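Visitor: My questions all concern the structure below.
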Amino acid sequence: MRDQWNSKVGFLLAAIGSAVGLGNIWRFPYVAATNGGGAFLLPYFFAIITAGIPILILEYTMGKTYRGGAPVTWARINKRFEWLGWFQVMVAFVIGVYYFAIVVWVLSYIGFSFTQAWGADPSAFFLEFLGLTDSALHLGGIQTRLLLPFIVVWALVAFIMYKGISKGIEMACKICLPILFVLILILVIRGLTLPGAVDGLEYMFKPDWSALKNPSVWVAAYGQIFYSLSIAFAIMLAYSSYLPKKTDVVNSAFITATANHGFELFAGIGVFSIMGYMALQQGVDVSDIAGSGIGLAFMTFPTAISSLPALNALFGICFFGALFTAGVTSMISILQAVVSGFHDKFDMSHKKAVTVVLVPSFVLSILFITGAGMNILDIVDAFINNVGIASAGVIEVVLLTRFFNIEKLRQEANEFSNFSIGKWWNYSLRIVTTILLGVMLFLNTKDFIYNGYGEYASADVNVFGWGTILFAVIFADAFTMMDGKDGYRDLHKISYKEVN
Amino acid sequence: MSTGAIVMMLIGCIGLWGGCGVAIAIAMKHSKKNSSADDETEAEAVSEEKKA
């Protein structure tokens, strides 16, 4: 008997927990501020309505209708589409492997926050903490100081994964999401009550309407929505496949999207209030301090935490605690997408599928706690997102809107939904989403081909950038060609009891 | 903070948090309606059983 969510609330908390990740906290605020500020909200809302919510409705409908991990769901739609399911699963696998390392660093920094162990130069401290080497191919050995948090994170994730959907993931998200919200609430209140906060908010929200003439701002908006919602890489398909058939997917998609993007706006208010305070402290402009990603989290923010007037340890724990809970709820969803892929195609129990996924993940993730860990992670992350997820998304909407009867899915979506979605949904996916994701994929790929990535040597980029994409493609092929359990492609082979 | 920045911040917060609140309220309202509908069908089933 296939597992199911205990309740719709449990599913929504898990889906929101999956969508709300590190990018919500350390990527969105900077993307918004540097792409027109308040004006960015226009393309941002437009992208939520024309891509975010439509793709969520699409994936929730596919999952609850065809009731399998991505490969099985795609295979049940059309035998020849199974490869895309495995490609999405392999993309999720790659992301799951390096995501570990970030959560390990975050856990370590919760510890450092007690004494602000980073001292006067958090940047130098972070590079020394990683034992960073000069290139991705120069591994520099395993950083032993990372081993303890590495084992702790692995043990926690394995414990949750082995417990399954209803007793493991749902329970973990019911605990983590309220904690995450409280931690961010404390940071936002602290941020807003600091001198200089308004300068930070001015920098983030002051509208520069001329920026909307620039196409890259619209691509950035679509990119932010697309990467922030955990869509197109098997997660939402897997999660919704454990829903009862009589689920209101339209409402669920709306709640997931507004909660996810509402959270990142909320976090952005906290982040830029504190950036405003830092700028005031250092007598510089907010733009000189503003940053994103790993640099913001492990270099800029520790500086801000040390310069707070009081309770520095508390706010450090709040910040890195928020990153930790956001990271764990995302990571278990990523791994569950992979587990569902194996569990539903091959004849194996849930526990065996978890083992089959966790063992290679564990071995490969050791690569990311070596001295070259962050270099490798930076390249892999750039390629698997900008080429892997983007191409999976384009192929997904093209296959469904041009080689399948999308109208059938719209009726499936509306069957148990209180608000029906009109035909605009078909055209939105077929035209708007396809064009914008296609443009995004084209620009990203062209840039990597002509300019490589960052300051890295082409050997590093070829091995860990293009090599990662090739890895995903080859393994997707291999798993597609392998024989699954009898009748896995036949939707009506599922027992009636499983569906309701 | 400039008026433009304040207005855009409010639009963002109201748009997203308001949208989320409305969607949750709708979900809760309809889940109550569905569960009371289920209770009714259950009660009917029981009464028919008694008649039979």
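Visitor: Kindly provide the set of residues from the range A:306-320 that are of a type outside the set (S, T, Y) and either over 27 Å from A:N375 (Cβ atoms) or modelled with pLDDT under 95 (or both), ordered by number.
Guide: Matches in the range A:306-320: A:L308, A:P309, A:A310, A:L311, A:N312, A:A313, A:L314, A:F315, A:I317, A:C318.
Visitor: Select from the range A:29-52 the residues that are surrounded by fewer than 24 Cβ atoms within 10 Å (Cβ to Cβ) and either under 30 Å from A:D483 (Cα atoms) or within 12 Å of chain B (Cβ to nearest Cβ) (or both) and list them in ascending order.
Guide: Passing the criteria: A:G37, A:A39, A:L41, A:L42, A:F45, A:F46, A:I49.
Visitor: Can I ask one more? Can you tell me which condition A:L243 does not meet? The list is (1) within 14 Å of another protein chain (Cβ to nearest Cβ); (2) farther than 30 Å from A:G96 by Cβ; (3) part of a loop (DSSP other than H, G, I, E, B); (4) of a type in the set (A, V, I, L, M, F, W, C), and all the others hold.
Guide: So the condition that A:L243 fails would be (2).
Okay, residues lined up against (1) within 29 Å of A:A476 (Cα to Cα); (2) modelled with pLDDT of 95 or more:
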position	(1), (2)
A:A47	no, no
A:L56	yes, yes
A:M62	yes, yes
A:Y66	yes, no
A:G119	no, no
A:S123	no, no
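Visitor: Right, another one. Search the range A:162-198 for residues being over 30 Å from A:Y239 (Cβ atoms) and among the small types (G, A, S), and hand back the single one that is farthest from the other protein chains (Cβ to nearest Cβ).
Guide: A:G191
Visitor: Let me ask something else about it. All but one of (1) buried (at least 23 other Cβ atoms within 10 Å of the Cβ); (2) away from chain B (no Cβ under 11 Å) hold for A:A253; state the number of the condition that does not hold.
Guide: Unmet condition: (2).
Visitor: If I ask for residues that are within 14 Å of chain B (Cβ to nearest Cβ) and either of a type in the set (A, V, I, L, M, F, W, C) or part of a helix (DSSP H, G or I) (or both), which ones from the range A:417-445 would you list?
Guide: A:F419, A:I421
Visitor: Would you check if there is a residue in the range A:79-92 being more than 23 Å from A:A158 (Cβ to Cβ), within 27 Å of the chain's Cα centre (by Cα) and acidic (D, E)?
Guide: The answer is yes; a qualifying residue exists.
Visitor: Right, here's the next one. In the range A:199-219, which residues are away from every other protein chain (no Cβ under 14 Å), more than 19 Å from A:E264 (Cβ to Cβ) and assigned to a helix (DSSP H, G or I)?
Guide: Scanning the range A:199-219 gives A:K213, A:P215, A:S216.
Visitor: Please go through (1) out of contact with any Gly (no Cβ under 8 Å at 6 or more places or on another chain); (2) surrounded by fewer than 23 Cβ atoms within 10 Å (Cβ to Cβ) for A:A279 and return the number of the only condition it doesn't satisfy.
Guide: (1)
Visitor: Mind listing whichever residues of the range A:282-313 are part of a helix (DSSP H, G or I) and either free of Cβ contacts under 8 Å to residues at least 12 places away in the same chain or not hydrophobic (A, V, I, L, M, F, W, C) (or both)?
Guide: Those that are part of a helix (DSSP H, G or I) and either free of Cβ contacts under 8 Å to residues at least 12 places away in the same chain or not hydrophobic (A, V, I, L, M, F, W, C) (or both): A:Q282, A:S287, A:D288, A:G293, A:G295, A:T300, A:P302, A:T303, A:S306, A:S307, A:N312.
Visitor: Just one of A:A290, A:A304, A:A353, A:A313 is closer than 27 Å to A:P178 by Cβ and surrounded by 21 or more Cβ atoms within 10 Å (Cβ to Cβ); which is it?
Guide: Being closer than 27 Å to A:P178 by Cβ and surrounded by 21 or more Cβ atoms within 10 Å (Cβ to Cβ) holds for just one of A:A290, A:A304, A:A353, A:A313, which is A:A304.
Visitor: I'd like the full set of residues that are in contact (Cβ under 8 Å) with a residue 60 or more places away in the chain and surrounded by fewer than 24 Cβ atoms within 10 Å (Cβ to Cβ), limited to the range A:340-350.
Guide: Passing the criteria: A:F342, A:F346, A:D347, A:H350.
Visitor: I need every pair where a residue in the range A:195-217 that is within 13 Å of A:V286 (Cβ to Cβ) has its Cβ under 6 Å from the Cβ of a residue that is in a loop (DSSP other than H, G, I, E, B), sequence separation at least 6 or different chains.
Guide: Listed pairs, sorted by first residue: A:V198/B:M1; A:L201/B:M1; A:E202/B:M1; A:K206/B:S2.
Visitor: Here's a follow-up. Among the residues of the range A:483-500, is any modelled with pLDDT under 90, exposed (fewer than 14 other Cβ atoms within 10 Å of the Cβ) and among the aromatic types (F, W, Y)?
Guide: yes
Each row is one residue, and each column tells you yes or no for (1) modelled with pLDDT of 95 or more; (2) not aromatic (F, W, Y).
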position: A:I142; (1), (2): no, yes
position: A:L148; (1), (2): no, yes
position: A:Y162; (1), (2): yes, no
position: A:I169; (1), (2): yes, yes
position: A:C173; (1), (2): yes, yes
position: A:L180; (1), (2): yes, yes
position: A:T193; (1), (2): yes, yes
position: A:Y227; (1), (2): no, no
position: A:K246; (1), (2): no, yes
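Visitor: May I pose another question? If you check every pair at least six apart or on different chains, which have Cβ atoms under 8 Å apart with a residue in the range A:258-269 that is facing chain B (nearest Cβ under 8 Å) first and a residue that is outside any helix (DSSP H, G or I) second?
Guide: The qualifying pairs are A:A259/A:V20.
The values are calculated or read from the model by the stated rules, or taken from the named source; none is laboratory data. Model, not experiment: these values are computed from the prediction. Virtual Cβ from ideal backbone geometry, glycine too; neighbours counted across all protein chains shown.
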